[in-house]
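Asks: Below is a structure I'd like to ask you about.
Nothing in this text is a laboratory measurement; each read-out follows from the coordinates by a stated rule. Computed from a predicted model, the values in this text were never measured in an experiment. Heads up, the Cβs are rebuilt from the backbone with ideal geometry, glycines too, and the neighbour counts pull from every protein chain shown.
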Amino acid sequence: MINTLNELKVGDSGVVVSFKGKGSLRKHLMEMGFVKGANVEVQRVAPMGDPIEIKVKGYSISLRKEEAKNIEIEIV
């Protein structure tokens, strides 16, 4: 099942399938480790739903919902 990262709940994990975005956003996401095949896990979501804390490549990274909706995840 494919979802965008912002649709996942705390504890959900999966593999990056693809991501949208151009220019600096795309580069920024790739530099943070969001590349095809990377394992991710949602660790925490702020009370208002923004930001989302994600574990990727051993690091905890906070993303805004706007950024997270550009990353497609296959839930495992």
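Asks: Could you work out the relative contact order of the chain? I mean the mean sequence separation of Cα pairs under 8 Å and 6+ apart, divided by the number of residues, in percent.
Replies: 45 percent
Asks: In the chain, which trypsin sites (Lys or Arg not before Pro) are in a loop and have at most 13 other Cβ atoms within 10 Å, using DSSP for the loop call?
Replies: Taking the chain and a limit of 13 other Cβ atoms within 10 Å, the loop trypsin sites (Lys or Arg not before Pro) found are Lys9, Lys20, Lys22, Lys36, Lys57, Arg64.
Asks: What per residue convex hull volume, in Å³, do the alpha-carbon atoms of the chain yield?
Replies: Spread over its residues, the Cα hull of the chain gives 72 Å³ apiece.
Asks: Can you compute the charge dipole magnitude of the stretch 2-75 about its Cα centre, using +1 on each Lys and Arg Cβ and -1 on each Asp and Glu Cβ, nothing else charged? Give it in debye, rounded to the nearest 20.
Replies: So the dipole magnitude of the stretch 2-75 works out to roughly 240 debye.
Asks: So, one more: Which one of Met32, Leu8, Ile54 is farthest out on the positive end of the charge dipole of the chain, using unit charges on Cβ (Lys, Arg +1; Asp, Glu -1) and the Cα centre as origin?
Replies: In the chain, that residue is Met32.
Asks: What does the charge count around Gly49 come to, taking other residues whose C-beta lies under 14 Å from its C-beta (Lys +1, Arg +1, Asp -1, Glu -1)?
Replies: With Lys, Arg at +1 and Asp, Glu at -1, the neighbours total 0.
Asks: How large is the helix-only mean residue ellipticity at 222 nm for the chain, computed as the sum of -39500 (n - 2.57) over DSSP H runs with n ≥ 4, divided by its residue count, in deg cm²/dmol to the nearest 500?
Replies: Rounded to the nearest 500, the figure is -4000 deg cm²/dmol.
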